[in-house]
Amino acid sequence: MAYGNNITEILYGGDYNPEQWPEEIWQEDMRMLKKAHINMVTLNVFSWAALQPDENTYCFDKLDRIMEFVRENGLKVCMATSTGAHPAWMAKRHPDILRTDADGKKRKFGSRHNSCPNSPTYRLYAARLASELAKRYKDYDNIVAWHISNEFGGECHCENCEKAFREWLKEKYGTIEEMNRCFYTDFWGHTFYDWDEVVLPNLLSEHMEWDGQEKTMFQGISLDYRRFMSDSMMECFKLEYDAIKKEMPDVPITTNLMGFFKLLDYQKWAKYMDFISWDSYPQPTDGPAVTALNHDLMRGIKEQQSFVLMEQTPSVTNWHPYNRLKRPGEMRLLSLQAAAHGADAIQFFQIRRGIGACEKYHGAVIDHAGRDDTRVFREVTALGEELQTLGDAFLEGRTPSETAIVFDWDNWWAVEYSAGPSVRMKYLDAIRDYYAAAFEQNIPVDIVGVEDDISSYKVVIAPLLYMTKTGYADKIRAFVEQGGTFITTYFSGIVEEHDLVLPGGYPGELKDILGIWVEENDALPEGEENAFIYEGNQYPADVLCDLMHLEGGAKSISVYEKDFYQGTPVLTKNHYGQGTAYYVGTRSNAEFYRHFLKNIFQEAGVEPVMVTPEGVEAAVRENEKGRTLFLLNHAVDSKQVVLDRNYVDLVSKKEYRAGEKLELKGKDVVILSAR
């Protein structure tokens, strides 16, 4: 369980920075936090400069007072290591710690995400600080978790990284001949004869700006540098992790992730994290499906386990182009949506609003006014009281799901590094197309990686499966043979894990499962569409149109309506073993995906959590206590939901009978337990 097995309540709180305030403010903070039913704080996130004034001196006096103060006031602590931004003196005395941009510019001290992950200085002092902190505070029984660094991210292109990259390549490939093969270096005479001839790929070497996007001439080496940089930062995480575990082996450790964050392969990171935590800051234009998908990704990267919502704003961000206020009820709605999708803790950034620098206008539980009668504070207090009432009703609850969507960071990187066929082809767009269609029908979806077991699902969807890694086609083949329903899309099965095209025609190793082969891909410019008819309705064919041929017993469900490939298949169905495989050869619109997946789910026997009016989400978590149903009205007007069985409201204790209509006000949430 997130935050350890001895937690029997939903932890509620957030980032607290008392070091930014005079100590006389602290007492008032404690009064207000108790009033808001806050029971946990994250401390020490950005204090490295204060804790370590030089190479050999550590100064914990103020942190000692803070730790004693919060313990005396009954607060649990998620203890951070402060290594998200190094001190100024470290940059001055040890310039190897400074990052180099992709265009070769050496950065100066400033900002955050500012440390080279392959800097010997950073690795030495970051791990040492984590160790010193763990030694000092290991006897504090209110520390329920450790939080390493903060939002790992960014990239570095310095000489240290280049040298480390060569060693990483040497370990991966063994021989330079094998590396040359995988990078396809016969092209353009790029053959390497020695490891020290390898230069990292950036805007000084293989990369270029193309239609506003960064592309690469050699996808293989660029893809490996993405992997290497993710691994490099993960190694930094592991150094701090090991230092803490040596002193406090039983306290779980995390770092705050950021949903669909492209630079780091979180599926790989999750193997080394005791529990997942993440920071949710949806754009005002994001619909509820986008936010839910992020939560389901975070649940999915660690075997569908519960996670911690480490950060969200109680009111407003400071870094969106337009920092719109959360409307009344919206903070509660988003918080409980996180719980519905697997969160066992609800945290905010931040507890008290700072008065300077770039986050001074970022929302907080305690605003600049310092009052407990603001709208935001009242809403935070009301949610805290509600969470206290809920207790452990759904803690550690799993989401029962018969449908999975495959997501893979390597695919994301490789698709968007590809030189063709279309700059409009985006991996996340393809994932969201299918997820939103399932979400709007209240079909629970697990987000899985290519290493995960898929045998228990009825339906597996792998949008834009451009890269087919070694052995993955066999996993899909076994799934379909045993009765599963598999769906994939345009531009799938094209390359293997080094981004080398699989010979023999697209979609490579998936051809027999799908019963097709794709001859050409037609990339449509913005504003140009083809079309197809599916069950009497016409839908657009956009972005990419695969021109394909049927093989074996595959059938065409629909054909293109226009152009020289008019009448050729666009949607296909193939019976394979006991199961069925579908190929969707183009990108269409939301109406098509809803229509198509509704049929797929009915055919596969996948049932929705509940049938609800448009705008009302129904989600379930199950644990040893039973089944908890979340009904979330994302609309601004009231909705009526007809209940499918007997329930009791976990907060109001009101009982409902099957068939009874439950009224949900706009932006309201009701949490029910099945009777």
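All of the numbers you see were taken from the coordinates with simple rules; none came from a lab. All values derive from a computational prediction rather than experimental measurement. Cβ: placed from backbone, ideal geometry, glycine included. Neighbour counts: every protein chain shown.
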With an 8 Å cut-off on Cα pairs and a minimum separation of 6 or more residues, tell me the relative contact order of the chain in percent.
11
Hey, could you pull the Cα Rg and Dmax for region 159-223, both in Å?
12.0, 37
Please provide three numbers in whole Å: the alpha-carbon extents of region 131-194 along the principal axes, with the largest listed first.
61, 23, 19
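Kirkwood hydrodynamic radius (Cα pairs, Å) of region 616-674?
On the way: mean 1/r = 0.0865 Å⁻¹.
Taking the inverse mean of 1/r over all distinct Cα pairs, region 616-674 comes out at 11.6 Å.
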Separation of alpha-carbon centers, region 264-286 and region 428-465, rounded to whole Å
17
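For the chain, give me the percentage of DSSP beta bridges that are antiparallel, rounded to the nearest 5 percent. Intermediate results must be reported in sequence, preceding the final value.
Values: 57 of 101 bridges.
Close to 55 percent.
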Order these by the 10 Å Cβ neighbour count, fewest first: 631, 464.
631, 464
Determine the distance separating the Cα centre of region 508-579 from the Cα centre of region 9-37; give it in Å without decimals.
58
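Once the cut-off is 22 Å, how many percent of the Cα-Cα pairs in region 77-164 end up in the long-distance tail?
Details: 1186 of 3828 pairs.
So the portion of pairs separated by more than 22 Å is 31 percent.
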How far apart, in nanometres, would the label points at residue 138 and residue 175 be if each is projected 7 angstrom from Cα along the Cα-to-Cβ direction?
4.8
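Can you check how the C-alpha radius of gyration of region 551-651 compares to 2.2 N^0.38 Å, as a plain ratio?
Details: Rg = 19.7 Å, N = 101, 2.2 N^0.38 = 12.7 Å.
After normalising by residue count via 2.2 N^0.38 Å, the value is 1.55.
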Cα point-scatterer Debye curve for region 191-318, base-10 log of I(q)/I(0) at q = 0.13, 0.14, 0.18 Å⁻¹
-0.75, -0.83, -1.07
In nm, give the distance between the simple-model label positions of residue 481 and residue 204, each being 7 Å from the Cα along the Cα-to-Cβ direction.
5.1
Residue 330 versus residue 247, label points 7 Å from Cα toward the beta carbon: distance in nm?
4.2
Which of 245/271; 35/76; 262/360; 458/639; 625/653 have a Cα-Cα distance over 22 Å?
262/360; 458/639
For region 119-261, evaluate the Debye formula with one uniform point scatterer on each Cα (no solvent term) and list log10 I(q)/I(0) at q = 0.11, 0.12 Å⁻¹, rounded to two decimals.
-0.55, -0.63
What 222 nm value per residue comes from the helices of the chain, counting each DSSP H run with n ≥ 4 as -39,500 (n - 2.57) and dividing by all residues, nearest 500 deg cm²/dmol?
-9000 deg cm²/dmol
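Looking at the P(r) of region 306-451, how many percent of alpha-carbon pairs lie beyond 22 Å? Can you show the working numbers first?
On the way: 6008 of 10585 pairs.
Every Cα pair in region 306-451 considered, those over 22 Å come to 57 percent.
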Within region 512-542, backbone nitrogen closer than 11 Å to the virtual label 7 Å beyond the Cα of residue 591 toward Cβ
537-540
P(r) for region 1-80: what percent of alpha-carbon pairs falls in each 5 Å bin, starting at zero?
3, 13, 24, 24, 16, 11, 6, 2, 0
Taking a straight Cα-to-Cα line shorter than 17 Å from residue 238, and setting aside same-chain aspartates and glutamates fewer than 8 residues away, one finds 132, 151, 247, 250, 265, 274
Under 14 Å Cα-Cα from residue 108, which aspartates and glutamates qualify once same-chain neighbours fewer than 8 residues away are excluded?
96
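Taking the Cβ of each residue in 116, 158 as the centre, tally the other Cβ atoms inside 10 Å and list the residues starting with the fewest. Present the calculation step by step, with values, prior to reporting the outcome.
Details: 116 28, 158 22.
The order, fewest Cβ neighbours first, is 158, 116.
For an R0 of 30 angstrom, estimate the FRET efficiency from the Cβ-Cβ distance between residue 54 and residue 96 and round to the nearest 0.05. Kindly include the intermediate steps, with their values, before the conclusion.
On the way: r = 17 Å, r/R0 = 0.57.
Efficiency, from the Cβ-Cβ distance: 0.95.
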Both in Å, the radius of gyration and Dmax of the C-alpha trace of region 403-604 are 15.3, 42
Order by neighbour count: 326, 62, fewest other Cβ atoms within 10 Å first, most last.
62, 326
